[in-house]
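Here's the structure we're looking at; comments come further down.
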Amino acid sequence: MCGKPLVVPEQASAASTSFAGDVPAGAPALEPGTPWERRVELGSWRAWRDTVVEALFEPGRLFQDARIDRGAAQARFAVVTVTVFWIAGQMLERFLLRPWTQRAVAGIAVRGQFGSVVQKLMQIESDNSPRTAALMALLTPVVVLVTLYVNAAVTHLFAVLLGQNKRGFAATFTACAYAFAPLVLFAIPGCGAPIAVVWAAILTGIGLKHTHRIGPGGAAATVIAPYVLVC
Amino acid sequence: MNWTTHAGPPSVHALGLAAAGTALLCAAAILPLDAPPLSLLACPFRSATGWPCLTCGCTHAFAAFVRLRPLTALEANPLGAALALLCAVHSVWTALRLFGLRLAPASFSATPRIRAAAAALLLANWAFVALHGPR
């Protein structure tokens, strides 16, 4: 009516460097949400299953749909997913495959330079008491939650350093939380864990690209830099 | 420049980071450095090159920090000591916000100058660890 062009200012605080904040209050959520974020309408089981399948086979779609103001739900998804499959993998390894893995690990210990470390690991893992199993079941969700936040914090720090932080910590956290989906492979003893970790790192990069709306090069650098510099 | 801003209760991520920070400090206080699982941690960068990585010594820095030996923590790894201090401050501040404090740290924009300064500090930290840290 006044003849002046309509200018909508960017949310200044969205790209600012804060580790503590969710999305700024009042910021509109344009994304429809992942199946897990719509689990009230879909049902918990279907929502979880669809989210894991999308994360593994259609990650671009999952991260495009993800809402960065659903931090609590995303943390719950990561903790539940990893805890269940990690405990399942440990139980499987501990009670069914122990003699085979002990022979394999003993062979590595004899050949390799990490013999003493491997022997200590074998001593710890030989404890099959109910107390150890209960302790493992209690501590695993705590360890997963701490790992999730430490991973997100380190990734976000490098995103800030490399100038790739466009939408705040919540966006980095969303990418890191759904990138934990391949850790369902922890249930497979032996080769499951290394494959899962590499897959999770790749998913984190894809997630950062979509949640921060940055280029693939910047996303890849943000994910790879911590692995190179922070062992 | 204002270092704090008025805010409501802590966000989910503030609580999550405080929980993670508290867990790390508790683990550093409880777990002995010379027994598993901490004694099993080995730096692949150091194993491959003989040189420490950026965060080598952080476990010792956290352990010294929670035992109130700040100089030992700084000597082990200044970055680790700073991170331990950050964890403690953030955890206490978040707890205070849960009990009614309405102040939060102010956000700031990471300008290219700030990012360059941070990168230089990380480089200086690595040089310190490489020259003075345990070999």
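The values are calculated or read from the model by the stated rules, or taken from the named source; none is laboratory data. Nothing here was measured: the structure is a model prediction, and the numbers come from that model. Cβ sites come from the backbone with ideal geometry, for glycine too, and all protein chains shown count toward neighbours.
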Counting only residues in segment B:61-114 that are part of a helix (DSSP H, G or I) and of a type in the set (S, T, N, Q), the one surrounded by the most Cβ atoms within 10 Å (Cβ to Cβ) is identified as B:94
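Considering each of B:97, B:113 in turn, give the residue that is in contact (Cβ under 8 Å) with a residue 40 or more places away in the chain, more than 19 Å from the chain's Cα centre (by Cα) and under 30 Å from residue A:166 (Cβ atoms).
Only one candidate qualifies: B:97.
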All-but-one check, residue A:119 against (1) away from chain B (no Cβ under 14 Å); (2) assigned to a helix (DSSP H, G or I); (3) modelled with pLDDT under 95, failing number (1)
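Tell me, please, whether a residue that is outside any helix (DSSP H, G or I) and surrounded by 20 or more Cβ atoms within 10 Å (Cβ to Cβ) can be found in segment B:8-30.
Keep residues of segment B:8-30 that are outside any helix (DSSP H, G or I), which gives B:8-11.
Subset that is surrounded by 20 or more Cβ atoms within 10 Å (Cβ to Cβ): B:10-11.
Within segment B:8-30 (the criterion being outside any helix (DSSP H, G or I) and surrounded by 20 or more Cβ atoms within 10 Å (Cβ to Cβ)), the answer is yes, since at least one residue qualifies.
Take residue A:154 and tell me if it is without any contact (Cβ under 8 Å) to a residue 24 or more places away in the chain, within 14 Å of the chain's Cα centre (by Cα) and closer than 23 Å to residue B:122 by Cβ. If you could, list the steps in order and put the result at the bottom.
Details: without any contact (Cβ under 8 Å) to a residue 24 or more places away in the chain: no; within 14 Å of the chain's Cα centre (by Cα): yes; closer than 23 Å to residue B:122 by Cβ: yes.
No.
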Of (1) assigned to a helix (DSSP H, G or I); (2) within 9 Å of chain A (Cβ to nearest Cβ); (3) under 15 Å from the mean Cα position of the chain (by Cα); (4) not hydrophobic (A, V, I, L, M, F, W, C), residue B:47 satisfies every one except (3)
Of the conditions (1) surrounded by 22 or more Cβ atoms within 10 Å (Cβ to Cβ); (2) in contact with a Phe, Trp or Tyr (Cβ under 9 Å, 6 or more places away or on another chain), the single one that residue A:201 does not satisfy is (1)
Inspect all residues belonging to segment B:124-133 and state whether any of them is aromatic (Phe, Trp, Tyr), more than 12 Å from chain A (Cβ to nearest Cβ) and within 18 Å of the chain's Cα centre (by Cα).
yes
Kindly indicate whether any position in segment A:73-88 is more than 30 Å from residue A:171 (Cβ to Cβ) and at pLDDT below 80. no
Contact list, first residue from segment A:74-89 and under 15 Å from residue B:13 (Cα atoms), second anywhere and crowded, with 19+ Cβ neighbours inside 10 Å and β-branched (Val, Ile, Thr), beta-carbon distance below 6 Å, six or more apart or interchain, is A:74/A:174; A:79/A:144
In segment A:53-74, anything within 13 Å of residue A:37 (Cβ to Cβ) and of a type in the set (Lys, Arg) is listed as A:67, A:70
Screening A:185, A:161, A:135 for residues that are facing chain B (nearest Cβ under 10 Å) and over 22 Å from residue A:69 (Cβ atoms) leaves only A:161
Out of (1) touching a Pro at 6+ places or on another chain (Cβ under 8 Å); (2) over 28 Å from residue B:27 (Cα atoms), the one residue B:109 does not meet is (1)
The one condition residue B:94 fails out of (1) touching a strand residue (DSSP E or B) at 6+ places or on another chain (Cβ under 8 Å); (2) among the β-branched types (Val, Ile, Thr); (3) at pLDDT 95 or above is (1)
By residue number, the members of segment A:38-47 that are hydrophobic (A, V, I, L, M, F, W, C) and either surrounded by 19 or more Cβ atoms within 10 Å (Cβ to Cβ) or not in a helix (DSSP H, G or I) (or both) are A:47
The number of residues in segment A:82-108 that are under 17 Å from residue A:135 (Cα atoms) and not small (Gly, Ala, Ser) is 12
